[in-house]
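Down below is the structure, laid out as structure tokens.
Derivation of every value follows stated rules applied to the coordinates shown; laboratory data play no part. Here the structure is a predicted model, which means the values were calculated and not measured. Note that we place each Cβ from the backbone using ideal geometry, even for glycine, and neighbour counts take in every protein chain shown.
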Amino acid sequence: MDPSSVEGLSSIGSSGQSGSIWRQTGDVFSRSSREEDDEEALRWAALEKLPTFNRIKRGILASASGKINEVHVENLGVHEKKALLNRLIRVAEEDNERFLLKLKEHFDRVGIELPTIEVRYENLTIDAETHVGNRGLPTVLNATMNTIESMANSLHILPSRKTKMPILHDVSGIIKPCRMTLLLGPPGSGKTTLLLALAGKLGSDLKVSGKVTYNGHEMNEFVPERTSAYISQHDLHIGELTVRETLAFSARCQGVGSRYNMLTELLRREKAANIKPDPDIDLLMKASAMGGQEATVVTDYIIKILGLDICADIMVGNDMIRGISGGQRKRVTTGEMLVGPAKALFMDEISTGLDSSTTFQIVNSIRQSIHILQGTAVISLLQPAPETYELFDDIILTSDGQVVYHGPRDNVLEFFESMGFKCPERKGVADFLQEVTSRKDQQQYWVWSDEPYRFVPVKKFAEAFKSFHVGRAMGNELAVPFDRSKSHPAALTTSKYGVSMKELLKAQIDREILLIKRNSFVYIYMFTQLTIIAFVVMTVFLRTKMHRDVSTDGNKFLGALFFGAVMIMFNGFSELAMTVIKLPVFFKQRDLLFFPAWTYTIPGWIVKIPIAFVEVFIWVFMTYYVIGFDPNVGRLFKQCLLLILTNQMSGGLFRFMGGLARNMVIANTFGSFSLLIVLALGGFLLTRESIMKWWIWGYWISPLMYVQNAISVNEFMGHSWDKIVNGERIGTTFLNSRGIFAESRWYWIGCGALIGFILLFNFLYTLVATILEPYGKDQSSISEEMLKEKHANLTGEILEGSYRGKRLSSLHRSSRHGSSMRNNSTSAKSAHEIIGSDKKGMVLPFTPLSLTFDEIKYSVDMPRLFLLKRGGEEIYVGPLGRSSSELIEYFEAVPGVPKIKDGYNPATWMLEQIPGWWIWYYWISPVAWTLYGLVVSQYGDITEQMEDGTQQTVKDYVESYFGFKHDFLPVVAVVVLGFTVLFAFLFGFSIQRLNFQKR
């Protein structure tokens, strides 16, 4: 096997890299046959004297000017690689086959055999379990019952009530190397499941019997995920990466396989035989065998072969970033696996979104590699064009979980003609094969005029194939086990990953840094947002208004500290969305054994630490001295350290929540829930003494509690709070009043706890990323009627209760009562006509359903109102007292607060703690106007006296306490309506004018 060809199709990649046979002169072999000039001969002589270890890393490169240079293959530049590849393959459609032939000759002349893989599947049966009928519909009740039932099933309390649904039934066959195999079948016939079984990627929820072997070795004897490559029909890519970067990362993770060892042996034999290789081929093979490169010639070769060179440096794109087309994205999915060293290819509907010409080009390139470099390939195509169909050597036709035919393409029509069915002259053979097993389409192909047509079920076709000469030959071959001694040592891969863990970590770090650069707008926005909010907080908690005369002055400072900690923690919430968005790509690459989960999660955490430093420095250096915290510079940097740890803790928490939820809706729900729990039990909204004893455990495990204690101790144990009142420091008095531990050591306890939470959350994120699976497509619900229809198509038996059975029964009833002239034979004939005369077309793999909603009611609970000062500081917690007496007494005790005037509204008087330059925000808040309207409309016109003994009416109380007047209600209604119109206008304007999609 060749360092570049050795590996199956990946060898396409590798092969592509290693051959440079024809020159610009037009003669493919001119370079190898012409006499070398003296300079080149001298350089070759010097190169041949080097040890193999050094010689494998050096080659001879001719520059554009014709100058001969000795180069290090790992230092080839982008333009040098491109020029080298262009000399080898000018036009992919014309030059690729000649290139591969010359490459194969390179190995043949020194007697190196390329490894081959023969894949056998024997008596393979795969079943899924699904709910039948209404029980399978996606309702809340069914989802709840299914969850409970699955738990009971796992504990063996209840037996499973799911119905077994066959996907593949007792299928057998041999996939030969050096042959292109086309997998055909209507939707729902089991094609994808068969490919997954051959690639060793079946889900654990399926019940499997039988076996799949590679060169006689069962799946547990090697690593099938790296020996073969399964190319999914789903295109999952990171939109911010370009085509070249996507393929380069894939090649970097998959490694070079056995190319390096093969090339070493090749060089050794060439030297022993005194063979001078073509310089371009030699250089390309060496470059393709070097691992650990950010961009390889294999990547460039695959890009050229797949026709992606015109979009190689364009981002793949996603819903928000305009990128490449759907057909190009499908080719990227194919190329992602072709750049690796896999030797067997299983490709699932790779033509989706491609025109017939592009599909032909791609399949033809794969065919050339498979034939010349002795690879193995099974390709599923939905409706291949006739010219594409002709590229294949073998056909596998599936229907209803049975293999109807598996053998040479040249014999497939012969088999169906032996069953009485013939493909019309101008009919595409692929279309004929997919329709001939369908009950709706089969009759039109019946050609035995001397025998009446009767529907031939799939089971009969499968049984007939076993007696057909192709089927008999395959059965005889399967009866003889594969001679394992003939398996090439390099054919099967036994190492789990393609490169070392160090290389994988480096690749992940490089990708994460690149993604941070591509998403720089997000981080710039976060920094800008943080700067604006820091400015607001600076002006709200202005130091000229912040006093330290009594212990209650600490409330303002505590509010500022709490808001800062919560603000920094909320910035970590963005990790949740970014984690969930990238998970589908992560799960795909993890399951393909590109890398272990920890090499993905750790770099994603580490590379973002500098961003945390920037965020915290912006916040602390803008607010610390303006608010008037303790001026000791050491306490400033201690606050920085604590907030950095807080940011890292919250990032780890939300990455863990995203990895656990694996879905944006679920993640947002649980993420918000976790935030509420952390806030409620963090020691600020409720002090430690106020938390019920049965919830106190939540206080001790809340990360925010340690943040709150540490940041408070750092401030209130400073010299600014050394004033003695009643024999005690006001700082200590305040900490005790708020249930905060008044000991300096609690700063370091808090830091240590946060470090523990950081490690814990990132470990849990790594754990769930390692063991959890992505949400897959649940087995769709199926009706009993559909199960019976499936059975009828498979066996030809019409069961009572099925759709066709009902039609047949209805026909017999009409036959008996409609006319005495009809006899049983006429009735039977009519029944047969109805069964076989349905309109033509493909059988839908689902039953159309309609949903009707009637008298739907939607309701939500009224929101609760929390009155806090801007910045998160509590204005007041405690009883109001009669006529707000206790509230007034509390605020009047604060130095600098003026006494309330007689008859003055307590709510208005209380809001005058807020700086005058921010009171405008109160009047532009939709929530403030909404609350005004709700309270006044409900209680503002009630003239009944209240039952508190004050003889005050409800109307007077609302006006005196809240300052809400019923006469102002029309204005409130207009303002609220104005907000509605304004927001609707802004929504319409935004979707019309703003465009966040970009190329």
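Observations, loosely collected:
- For region 290-330, the C-alpha radius of gyration divided by 2.2 N^0.38 Å, with N the number of residues, is 1.33.
- When you count the other C-beta atoms within 10 angstrom of each residue and take the mean per peptide, 580-591, 718-729, 388-399 line up highest first as 388-399, 580-591, 718-729.
- Shown for 717, 219, 262: other C-beta atoms within 10 Å of each C-beta, ranked fewest to most, produce the order 219, 717, 262.
- Burial ordering of 735, 88, 679, fewest other beta-carbon atoms within 10 Å first: 679, 735, 88
- Of the chymotrypsin sites (Phe, Trp or Tyr not before Pro) in region 932-999, those whose Cβ has at most 10 other Cβ within 10 Å and which sit in DSSP loop: 996
- Measuring r between the beta carbons of residue 269 and residue 75 and using R0 = 30 Å, the FRET efficiency lands at 0.70.
- Taking 0.36 nm per residue of separation and subtracting the current Cα-Cα distance, fully stretching the chain between residue 449 and residue 478 would add 6.7 nm.
- Computed on region 151-275, the Cα convex hull volume stands at 231 Å³ per residue.
- Geometric extent, Cα atoms of region 509-771 - Rg, Dmax (angstrom): 19.6, 70
- Computed from the Cβ-Cβ distance with R0 of 22 Å, the FRET efficiency linking residue 94 to residue 309 stands at 0.90.
- Placing dummy labels 7 Å off each Cα toward the beta-carbon, the span from residue 390 to residue 319 is 4.5 nm.
- Taking 0.36 nm per residue of separation and subtracting the current Cα-Cα distance, fully stretching the chain between residue 924 and residue 42 would add 309.1 nm.
- With all projection directions averaged, the alpha carbon convex hull of region 662-779 covers 10.0 nm².
- Residue-span extension gain [residue 745 to residue 664] - 0.36 nm each, minus C-alpha spacing: 25.1 nm
- Span from the region 654-708 Cα centroid across to the region 261-338 one, whole angstrom: 49 Å
- Residue 938 versus residue 509: modelled label distance in nm, points set 7 Å from Cα along the beta carbon direction: 5.9 nm
- FRET efficiency, residue 889 to residue 542 (Cβ-Cβ, R0 25 Å, nearest 0.05): 0.45
- Here the spin labels are modelled as points 7 Å beyond Cα on the Cα-Cβ line, and at residue 759 and residue 971 they lie 6.1 nm apart.
- Under 13 Å from a label point set 7 Å out along the Cα-to-Cβ vector of residue 521, the amide N atoms of region 237-280 belong to 240.
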